[in-house]
């Protein structure tokens, strides 16, 4: 159990050694320790506690995720924003200190990313990387497996997963938005990453934060993104949910494809941006039709 979910590493028999499994899980646990909004010793806690008084040095991985978050914040004109921890805390989704440590800032633009992996904020600011860090952790586990000499494998963190190395096609299955114990096959993927965001087991308010209003809302169905990296796939699911009318440009920019499952008159409606097979993705027959 890491990052609030069950993490699985699957390797072919010829690559499956204890040392390689250990390397993958160590990479996952490192991201958990440095980027968890629930850990009082994490980089996020230190940013909230002191970055408004002096620059705080953070882990290289935390800086990489914050840079990606800032890029997406700018590309979506503020729709994707990781400075929403106070909203989540007031909704009971994060520790209460995330709300008390913030002076109301809900804008990634006020977070300065400085050389030397330093972060500074203009006011007390609480960040939440829950919409991107899990995917980044999967990417880190894959990188650790490659360094350890692993030729192929799959890392799965609660539906954020990445298959690498082998030229094999894997079924991309997601939960049915109204019947979470059932699964729906969307596509086949090869050497790619995928992430799904939904409110299968959440309360009526949902977990998605409207950055302009600070309101919580549900996803309304589920959104799945297939992308070259799991961090991108994870983050882009929120982009598609928040700004569907402009998300096509970002998806195209990152060679990503999106799938959305919704209910319409008691029937499952599946839509996708994928119009033809690629080297890493081919649609399930029903969707292709």
Answer from 69, 109 - the residue that is buried (at least 21 other Cβ atoms within 10 Å of the Cβ) and either over 17 Å from residue 211 (Cα atoms) or not assigned by TED's automatic domain parsing to the domain that holds residue 247 (or both): 69
Helices (runs of 4 or more DSSP H) within the stretch 214-289 that include 2 or more residues closer than 24 Å to residue 83 by Cβ and free of Cβ contacts under 8 Å to residues at least 60 places away in the same chain: 230-242, 247-253
Checking residue 78 against (1) modelled with pLDDT under 95; (2) over 15 Å from the mean Cα position of the chain (by Cα); (3) under 22 Å from residue 159 (Cβ atoms), the condition it does not meet: (3)
Index of the failed condition, residue 276 passing every other in (1) in contact with a helix residue (DSSP H, G or I) (Cβ under 8 Å, 6 or more places away or on another chain); (2) farther than 23 Å from residue 136 by Cβ: (1)
Qualifying residue in the stretch 31-44 (condition: touching a residue at least 12 places away in the same chain (Cβ under 8 Å), in a helix (DSSP H, G or I) and closer than 16 Å to residue 112 by Cβ): yes
Given (1) under 18 Å from residue 68 (Cβ atoms); (2) assigned to a loop (DSSP other than H, G, I, E, B); (3) without any contact (Cβ under 8 Å) to a residue 60 or more places away in the chain, index of the condition residue 211 fails: (3)
Selected residue (only one of 89, 83, 133, 143 is surrounded by fewer than 16 Cβ atoms within 10 Å (Cβ to Cβ) and not assigned by TED's automatic domain parsing to the domain that holds residue 245): 143
Residues satisfying the stated conditions in the stretch 163-182, i.e. within 20 Å of residue 219 (Cβ to Cβ) and exposed (fewer than 13 other Cβ atoms within 10 Å of the Cβ): 179, 181, 182
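The values are calculated or read from the model by the stated rules, or taken from the named source; none is laboratory data. This is a predicted model, so every value here is computed, not measured. Cβ: placed from backbone, ideal geometry, glycine included. Neighbour counts: every protein chain shown.
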